[in-house]
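Trainee: Input: one structure, supplied below.
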Amino acid sequence: MRAVGVPASDVRRRIAEEMKDDVSWDRVLNSICTEPHPLGVEMAAAAAHTNLGDVRIFRGTKRIERKVVELLLSFLGNADGSGNLVSGGTEANLIAMLVARESARARGRLTARPEVVVSSTVHFSFDKIFAVLGLSAVVVPVDEAMRLPADEVARRINDNTVAVVATAGSSEFGVVDPVDEIGARIRAHEVHLHVDAATGGFIIPFARDLGHDLPQFDFSVDGVDSITIDPHKYGLVNVPAGAILFREGEGAERFSFDSFFIGTPVHNTFLGTRPGSAAVATYAVLENLGRSGFTQITRANYETTGYLTTRLKEKGFELLMEPQLNIVAVKVAHAALISQRLESWGWIVSTSRRFVETIRLVVTRHVTRDVVDEFVPVLDLARHE
Ligand code: PLP
């Protein structure tokens, strides 16, 4: 650390200088985060001093967090449930798995080798989570449509199973597992059904309103016990804003830890000191956009996705599958090389480690028709270089 600090103007200049190197949104086609909603940013700045780890001080901010949880619960079909705001999808999934394991223990069903049934396309956050919690993954290969097959899930359940994870919007392809079928097939078993809707939570409900044929994934599906949903992805809120929601009113309390201090309420999240700014920003964005605002944004994303796929096909590209959400998987030989080439030309896309001949393009708010018009010829050039 410096012995004597430098003036604020100097600090600002240096930070701006470094951040100039960050890629501008109009060259980013790999990110499910986007330029955050300005009202969220403004309100987060206003709440920069708040800490939801100390709710005796930040009572008003805590009330806002509860309002957000209530909004999200009723949005996902279960006003009587419970939940908390967390740092993102990884923390939400971690809490869900811990609650699943502890529920099995409470019912006297926890064996020495607890297992969780997941699909082969489940998000890699679960690798971290299983390592931390001592859970073993039972990996079910996805079917030809890249979905977790309900019958196979049911077949893999045994005495060790504490949970099943379905994904509503896979990270690589935006595929929605048949949560309704999975719920129906495993209902007879006493296992926790968790839905990771970190990607799809802020798309699927609006897309369904617009008539897209997507499986239902929320608490209206029998058997769904918990849901991860991430305002900081398609919810347009600035990072870090995630949420974990439970069907049961006491679900969130299953993960509950006392502080050292008398009178300090229990913590129900991993983070102790945590940003009230995230709760405030999420509240601001949800209230300001409402269902109609999100539906409009979703409609625009689907329209741009359709435009992108048309332009790609015109250039002779093939898709790995027709997109369910606004994530497009394009078949490209030597995809990793092409992706590196694009990066050296200033464009960011992603390539799956597992589906190596595919480039994944995410269409979110900052990906406009103009961006598509610039990008498609560049992708075409990159494969012919
Ligand atoms: N689950 C899914 C389906 C995701 O797509 C992601 C991130 O992209 C996560 C979980 C992890 O979320 P986070 O990066 O917010 O921890």
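Read the figures in this text as sums done on the coordinates, not as results from a lab. All values derive from a computational prediction rather than experimental measurement. Counting neighbours? That spans all protein chains shown, and the Cβs are built from the backbone with ideal geometry, glycine included.
Trainee: Against the definition (surrounded by fewer than 18 Cβ atoms within 10 Å (Cβ to Cβ) and in contact with a Leu (Cβ under 9 Å, 6 or more places away or on another chain)), how does Gln324 come out, yes or no? Even if it seems obvious, please write down each step before you answer.
Mentor: Numbers: surrounded by fewer than 18 Cβ atoms within 10 Å (Cβ to Cβ): no; in contact with a Leu (Cβ under 9 Å, 6 or more places away or on another chain): yes.
When the stated conditions are applied, Gln324 does not pass them.
Trainee: Could you tell me whether Val221 is within 18 Å of Thr364 (Cα to Cα), assigned to a loop (DSSP other than H, G, I, E, B) and either out of contact with any Lys or Arg (no Cβ under 7 Å at 6 or more places or on another chain) or more than 15 Å from the ligand (Cβ to nearest atom) (or both)?
Mentor: Details: within 18 Å of Thr364 (Cα to Cα): no; assigned to a loop (DSSP other than H, G, I, E, B): yes; either out of contact with any Lys or Arg (no Cβ under 7 Å at 6 or more places or on another chain) or more than 15 Å from the ligand (Cβ to nearest atom) (or both): yes.
No: the conditions fail for Val221.
Trainee: Might you let me know whether region 57-68 holds any residue that is more than 17 Å from Gly242 (Cα to Cα), surrounded by fewer than 18 Cβ atoms within 10 Å (Cβ to Cβ) and β-branched (Val, Ile, Thr)?
Mentor: Within region 57-68, one or more residues are more than 17 Å from Gly242 (Cα to Cα), surrounded by fewer than 18 Cβ atoms within 10 Å (Cβ to Cβ) and β-branched (Val, Ile, Thr).
Trainee: Still on this structure: Quick check: is even one residue across region 147-158 of a type in the set (Val, Ile, Thr) and away from the ligand (no atom under 16 Å from the Cβ)? Give the derivation first.
Mentor: So the first thing to find is which residues in region 147-158 are of a type in the set (Val, Ile, Thr), and the list is 153, 157.
Cutting the leftovers down to away from the ligand (no atom under 16 Å from the Cβ) gives us 153, 157.
Within region 147-158, one or more residues are of a type in the set (Val, Ile, Thr) and away from the ligand (no atom under 16 Å from the Cβ).
Trainee: Return the pair list, or none, for Cβ contacts closer than 7 Å from residues in region 248-264 that are without any contact (Cβ under 8 Å) to a residue 60 or more places away in the chain to residues that are surrounded by 13 or more Cβ atoms within 10 Å (Cβ to Cβ), at least 6 apart or on different chains.
Mentor: Filtered contacts from region 248-264: Ser256/Asn268; Phe257/His267; Ser259/His267.
Trainee: If you go through region 82-89 one residue at a time, do you hit one that is farther than 18 Å from Lys233 by Cα and in contact (Cβ under 8 Å) with a residue 24 or more places away in the chain? Show your work before the answer.
Mentor: Keep residues of region 82-89 that are farther than 18 Å from Lys233 by Cα, which gives 82-83.
Of the ones still in play, those that are also in contact (Cβ under 8 Å) with a residue 24 or more places away in the chain are 82-83.
Looking for residues that are farther than 18 Å from Lys233 by Cα and in contact (Cβ under 8 Å) with a residue 24 or more places away in the chain, one finds at least one in region 82-89, hence yes.
Trainee: Name the residues in region 100-116 that are hydrophobic (A, V, I, L, M, F, W, C) and either more than 14 Å from Ile244 (Cα to Cα) or touching a Ser or Thr at 6+ places or on another chain (Cβ under 7 Å) (or both), would you?
Mentor: Ala104, Ala106, Leu110, Ala112, Val116
Trainee: Does Ala284 satisfy the condition of being hydrophobic (A, V, I, L, M, F, W, C), in a helix (DSSP H, G or I) and more than 16 Å from the ligand (Cβ to nearest atom)?
Mentor: Working: hydrophobic (A, V, I, L, M, F, W, C): yes; in a helix (DSSP H, G or I): yes; more than 16 Å from the ligand (Cβ to nearest atom): yes.
Answer is yes for this residue.
Trainee: So which of Val164, Val138 ends up being more than 16 Å from the ligand (Cβ to nearest atom), more than 30 Å from Thr34 (Cβ to Cβ) and aliphatic (A, V, I, L, M)?
Mentor: On the way: Val164 fails: more than 16 Å from the ligand (Cβ to nearest atom).
One residue alone meets the criteria, Val138.
Every residue, every condition in (1) in contact (Cβ under 8 Å) with a residue 60 or more places away in the chain; (2) touching a Ser or Thr at 6+ places or on another chain (Cβ under 9 Å); (3) more than 21 Å from Ser103 (Cβ to Cβ); (4) of a type outside the set (A, V, I, L, M, F, W, C), yes or no:
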{"position": "Val153", "(1), (2), (3), (4)": "no, yes, no, no"}
{"position": "Val176", "(1), (2), (3), (4)": "yes, yes, yes, no"}
{"position": "Arg185", "(1), (2), (3), (4)": "no, no, no, yes"}
{"position": "Pro215", "(1), (2), (3), (4)": "no, no, yes, yes"}
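Trainee: Can you tell me which residue among Ser74, Ser103, Ser24, Ser87 is touching a strand residue (DSSP E or B) at 6+ places or on another chain (Cβ under 7 Å), more than 16 Å from the ligand (Cβ to nearest atom) and small (Gly, Ala, Ser)? Talk me through it step by step, then tell me what you get.
Mentor: On the way: Ser74 fails: touching a strand residue (DSSP E or B) at 6+ places or on another chain (Cβ under 7 Å); Ser24 fails: touching a strand residue (DSSP E or B) at 6+ places or on another chain (Cβ under 7 Å); Ser87 fails: more than 16 Å from the ligand (Cβ to nearest atom).
Being touching a strand residue (DSSP E or B) at 6+ places or on another chain (Cβ under 7 Å), more than 16 Å from the ligand (Cβ to nearest atom) and small (Gly, Ala, Ser) holds for just one of Ser74, Ser103, Ser24, Ser87, which is Ser103.
Trainee: Now a separate question. All but one of (1) in contact with a Phe, Trp or Tyr (Cβ under 7 Å, 6 or more places away or on another chain); (2) under 21 Å from Ala137 (Cβ atoms) hold for Phe202, so report the exception by its number.
Mentor: Phe202 satisfies all of (1) in contact with a Phe, Trp or Tyr (Cβ under 7 Å, 6 or more places away or on another chain); (2) under 21 Å from Ala137 (Cβ atoms) except (2).
Trainee: Mind listing just one residue for me: the one in region 237-263 that is part of a strand (DSSP E or B) and not aliphatic (A, V, I, L, M) and, of those, surrounded by the fewest Cβ atoms within 10 Å (Cβ to Cβ)? Before you say what the answer is, go through the steps one by one.
Mentor: Keep residues of region 237-263 that are part of a strand (DSSP E or B), which gives 242-246, 257.
Filter once more, keeping what is not aliphatic (A, V, I, L, M): 242, 246, 257.
Numbers: Gly242: 29, Phe246: 27, Phe257: 10.
Within region 237-263, the match that is surrounded by the fewest Cβ atoms within 10 Å (Cβ to Cβ) is Phe257.
Trainee: In this structure, is Gly200 without any contact (Cβ under 8 Å) to a residue 60 or more places away in the chain, of a type outside the set (D, E, K, R), within 13 Å of the ligand (Cβ to nearest atom) and touching a strand residue (DSSP E or B) at 6+ places or on another chain (Cβ under 8 Å)? Full working, then the answer.
Mentor: On the way: without any contact (Cβ under 8 Å) to a residue 60 or more places away in the chain: no; of a type outside the set (D, E, K, R): yes; within 13 Å of the ligand (Cβ to nearest atom): yes; touching a strand residue (DSSP E or B) at 6+ places or on another chain (Cβ under 8 Å): yes.
It is false that Gly200 is without any contact (Cβ under 8 Å) to a residue 60 or more places away in the chain, of a type outside the set (D, E, K, R), within 13 Å of the ligand (Cβ to nearest atom) and touching a strand residue (DSSP E or B) at 6+ places or on another chain (Cβ under 8 Å).
Trainee: On the basis of being buried (at least 24 other Cβ atoms within 10 Å of the Cβ), part of a loop (DSSP other than H, G, I, E, B) and within 16 Å of the ligand (Cβ to nearest atom), does Pro231 make the cut? Steps first, please.
Mentor: Numbers: buried (at least 24 other Cβ atoms within 10 Å of the Cβ): yes; part of a loop (DSSP other than H, G, I, E, B): yes; within 16 Å of the ligand (Cβ to nearest atom): yes.
Answer is yes for this residue.
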